[in-house]
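J.: Would you mind keeping the following structure in view while I ask a few things?
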Amino acid sequence: GNLDEALDEATGLLETHGFSVVTSIEGDLAAVPPALVPTLRAVIGEACANIERHADPSRPSVVIVSANHDSVDAMFLNETRDSHASSTATGVGLAGVSERLALVGGELATEQEGRQWITRVTIPL
């Protein structure tokens with residue numbers, strides 16, 4: 001499906017830049033309504049671009065996408081290169097994604113624990 005391809009593309013790009021990425025898909029991505037696919041593709045692309053800009057390539061990053069009958073969730077976990085990156089880490093890209101998500105009732109949350117950076121996206125179905 002489209003989302004599988006988007007995940008493969010985004011994580012493949014990270015891997016060509018020397019990152020190791022663990023991808024986990026839970027549920028059936030093919031069940032995601034086609035209308036939401038462009039938004040999710042943008043989310044995946046931007047979150048992975050954010051990892052490329054800020055994450056420590058020597059530490060594995062994790063991308064988890066899960067779909068069930070009432071929501072689609074995506075979670076991106078990585079370690080930042082240093083603990084001071086947080087003030088700029090959200091960047092313009094994720095703000096744009098946040099606006100796109102709002103249009104479909106979804107939301108984006110980021111949190112940092114030490115060097116661990118977590119981006120969570122939820123879109124209700």
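J.: How large is the charge dipole for the chain, taken about the Cα centre, if only the Cβ atoms of Lys, Arg (+1) and Asp, Glu (-1) carry charge, to the nearest 20 debye? Provide the component values of the computation, followed by the final result.
T.: On the way: 7 positive and 18 negative charges, 61 e Å.
Dipole magnitude for the chain comes out near 300 debye.
J.: Where Lys and Arg each count +1 and Asp and Glu each count -1, what net charge lies around Leu108 among other residues with Cβ under 15 Å from its Cβ? Could you put the intermediate results ahead of the total?
T.: Details: positive: Arg41, Arg100, Arg120; negative: Glu46, Asp73, Glu99, Glu107, Glu111.
Within the 15 Å Cβ shell, the charges total -2.
J.: Averaging the inverse of every distinct alpha carbon separation and then flipping it gives the Kirkwood radius. What is it for the chain, in angstrom units? Write out the running numbers ahead of the final one.
T.: Details: mean 1/r = 0.0693 Å⁻¹.
Taking every pair of different Cα atoms in the chain, averaging 1/r and inverting gives 14.4 Å.
J.: How large is ³J(HN,Hα), in whole Hz, for each residue of region 58-73 in order, when computed from phi with the Karplus curve 6.51 cos²θ - 1.76 cosθ + 1.60 and θ = phi - 60°, using x for Gly and Pro?
T.: Those phi angles translate into 7, 10, x, 9, 10, 10, 10, 10, 10, 10, 9, 6, 10, 7, 10, 10 Hz.
J.: Tell me, what HN-Hα J-couplings in whole Hz come from the Karplus equation 6.51 cos²θ - 1.76 cosθ + 1.60 at θ = phi - 60° for each residue of region 51-57, using x for Gly and Pro?
T.: Residue by residue, region 51-57 yields 4, 4, 6, 10, 7, 7, x Hz.
J.: Just to confirm, what accessible area per residue do you get for the chain at 1.4 Å probe, in whole Å²? Provide the component values of the computation, followed by the final result.
T.: Working: 6270 Å² over 125 residues.
On a per-residue basis, 50 Å².
J.: Further question on the same structure: Write down the Kirkwood hydrodynamic radius of region 24-68, to one decimal in angstroms, obtained as one divided by the mean of 1/r over all alpha carbon pairs. Write out the running numbers ahead of the final one.
T.: On the way: mean 1/r = 0.0840 Å⁻¹.
With all distinct Cα pairs of region 24-68 included, I get 11.9 Å.
J.: First compute the accessible area of the chain with a 1.4 Å probe, then give the percent of it belonging to carbon and sulfur atoms. Please report the intermediate quantities before stating the final value.
T.: On the way: 3350 of 6270 Å².
Solvent-exposed carbon and sulfur of the chain make up 53 percent of the total.
J.: Can you tell which of Val32, Val97, Val22 shows the greatest fluctuation in a Gaussian network model of the chain with Cα springs below 10 Å?
T.: Result for the chain, Cα springs under 10 Å: Val22 fluctuates most.
The values are calculated or read from the model by the stated rules, or taken from the named source; none is laboratory data. Fair warning: this is a prediction, and the values are worked out from it, not measured in the lab. So basically every Cβ, Gly included, is an ideal-geometry build from the backbone, and we count neighbours across all protein chains shown. With ligands, DNA and RNA removed, areas are computed over all heavy atoms of the protein, side chains included. Shrake-Rupley method; radii C 1.70, N 1.55, O 1.52, S 1.80 Å.
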